[in-house]
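Some notes on the structure that comes next.
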Amino acid sequence: MTNALPEPGTISPATGETLPAVTSTPLDEVSNIVSSARTAQEAWGELSLAERKSRLHNFVQVVLANHHEVLTIMSQETGRTETECLMSEVVGLKDYLEAASRAAAKALAPEKIKLSALDYPGKKAVIEAVPRGVVGIIAPWNFPLSNFWKSLFPALLAGNAVVLKPSEHTPRTGAWLAEQCAKSLPGGLVGLLQGGGDIGVALLNADIDSIVFTGSVRTGKK
């Protein structure tokens, strides 16, 4: 007779210690969290890119001011050292925001369309980028912060709201990230879902406008 494997995210791979329990999001709450994000997105989407960048700069300052808290959490959940977590997921945060902001400025700039002067005399045409709405982000355990950075910043800079779904192996890091968002960004703009694959499916079936998934090919195809 073999012993059953522990539930994901309950045992630290670094020390074997039992980690504090994290409650999964009730399935019937998923739609409410997405709805709150959609409500918050309306005002956020009306802000200019410069204003959104300024708000995210404040968010980065909050993360950096409190980063010592999450290093311990990440180390416990992933088995990596705190120094490795610091260097791979926190140190370059300001630079990442700047790079994402430059990319956003280029991607969101109005695009002029050349019209035929014969067919459209005196007319001009411009394509303007608008937010999608609510973006779901499903991230894996191996880089539980930086796997969110690469999608969280572009989505928010573009005027969207976000719902985070961290891996069930690293739920405490995801909860910490959501707490920092709540400290410096409008309420409900960044939602959090905790749990396994059933929560991911519920997010996909909720009223979202786009999804970012990082994980296995098999799950991605599903």
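Does V126 meet the test of being of a type in the set (V, I, T), out of contact with any Ser or Thr (no Cβ under 8 Å at 6 or more places or on another chain), over 25 Å from A65 (Cβ atoms) and at pLDDT below 95? So V126 fits the description; yes.
Hey, does the range 22-35 have a residue that's at pLDDT 85 or above, of a type in the set (D, E, K, R) and not in a strand (DSSP E or B)?
To start, the set of residues in the range 22-35 that are at pLDDT 85 or above comprises 22-35.
If we keep only those that are of a type in the set (D, E, K, R) as well, we get 28-29.
From what's left, not in a strand (DSSP E or B): 28-29.
Within the range 22-35, one or more residues are at pLDDT 85 or above, of a type in the set (D, E, K, R) and not in a strand (DSSP E or B).
Please indicate, with yes or no, whether at least one residue in the range 194-210 is at pLDDT 95 or above, under 12 Å from the mean Cα position of the chain (by Cα) and crowded, with 20+ Cβ neighbours inside 10 Å. No. Please go through the range 149-170 and pick out each residue that is surrounded by fewer than 24 Cβ atoms within 10 Å (Cβ to Cβ) and of a type in the set (D, E, K, R). Answer for the range 149-170, where residues must be surrounded by fewer than 24 Cβ atoms within 10 Å (Cβ to Cβ) and of a type in the set (D, E, K, R): K150, E168. For the range 51-64, a tally of residues being of a type in the set (V, I, T) and either open to solvent by 30 Å² or more (accessible area, probe 1.4 Å) or not in a helix (DSSP H, G or I) (or both) returns 1.
Being open to solvent by 70 Å² or more (accessible area, probe 1.4 Å), of a type in the set (D, E), farther than 24 Å from R172 by Cα and free of Cβ contacts under 8 Å to residues at least 12 places away in the same chain holds for only one residue in E29, E42, E111, E84, and it is E42. If you go through the range 65-81 and keep only what is open to solvent by 50 Å² or more (accessible area, probe 1.4 Å) and aliphatic (A, V, I, L, M), you end up with just A65. Residues in the range 128-137 that are surrounded by 10 or more Cβ atoms within 10 Å (Cβ to Cβ) and either in contact with a Pro (Cβ under 6 Å, 6 or more places away or on another chain) or free of Cβ contacts under 8 Å to residues at least 24 places away in the same chain (or both): there are none.
Counting only residues that are assigned to a helix (DSSP H, G or I) and either closer than 15 Å to L56 by Cβ or under 10 Å from the mean Cα position of the chain (by Cα) (or both), the range 122-175 holds 13 of them.
Can you run down the residue pairs with Cβ atoms below 7 Å, 6 or more apart or on separate chains, where the first is in the range 87-101 and within 14 Å of Q61 (Cβ to Cβ) and the partner is among the β-branched types (V, I, T) and assigned to a helix (DSSP H, G or I)? Close Cβ pairs satisfying both conditions: L93/V60; L93/V63; K94/V60; L97/V60. When S48 is tested against (1) touching a residue at least 24 places away in the same chain (Cβ under 8 Å); (2) of a type in the set (S, T, N, Q); (3) exposed (fewer than 15 other Cβ atoms within 10 Å of the Cβ), only condition (1) is not met.
If we keep just the residues of the range 87-103 that are assigned to a helix (DSSP H, G or I) and open to solvent by less than 40 Å² (accessible area, probe 1.4 Å), which is nearest to E17 (Cα to Cα)? I'd like the intermediate steps shown before the answer.
Restricting attention to the range 87-103, the residues satisfying the condition of being assigned to a helix (DSSP H, G or I) are 87-89, 93-103.
From what's left, open to solvent by less than 40 Å² (accessible area, probe 1.4 Å): 89, 93, 97, 100-101.
Values: E89: 24, L93: 30, L97: 35, A100: 38, S101: 40 Å.
It comes out as E89.
Which residues, taken from the range 211-222, are surrounded by 12 or more Cβ atoms within 10 Å (Cβ to Cβ) and under 20 Å from P8 (Cα atoms)? Result: F213, T214, G215, T219. The residues of the range 6-19 that are open to solvent by 70 Å² or more (accessible area, probe 1.4 Å) and either among the polar types (S, T, N, Q) or within 16 Å of L192 (Cβ to Cβ) (or both), listed by number, are T15, T18.
Could you list, in sequence order, the residues of the range 87-108 that are charged (D, E, K, R) and more than 16 Å from T173 (Cα to Cα)? First the steps, then the outcome.
Here is the first cut: in the range 87-108, the ones charged (D, E, K, R) are 89, 94-95, 98, 102, 106.
Correct list: K94, D95, E98, R102, K106.
Residues in the range 176-193 that are surrounded by 14 or more Cβ atoms within 10 Å (Cβ to Cβ) and part of a helix (DSSP H, G or I): 8 in all.
The values are calculated or read from the model by the stated rules, or taken from the named source; none is laboratory data. Nothing here was measured: the structure is a model prediction, and the numbers come from that model. All Cβ positions, glycine included, derive from the backbone under ideal geometry; neighbour counts span all protein chains shown. To get the accessible areas, we keep the full protein, side chains included, count just its heavy atoms, and leave off ligands, DNA and RNA. Shrake-Rupley method; radii C 1.70, N 1.55, O 1.52, S 1.80 Å.
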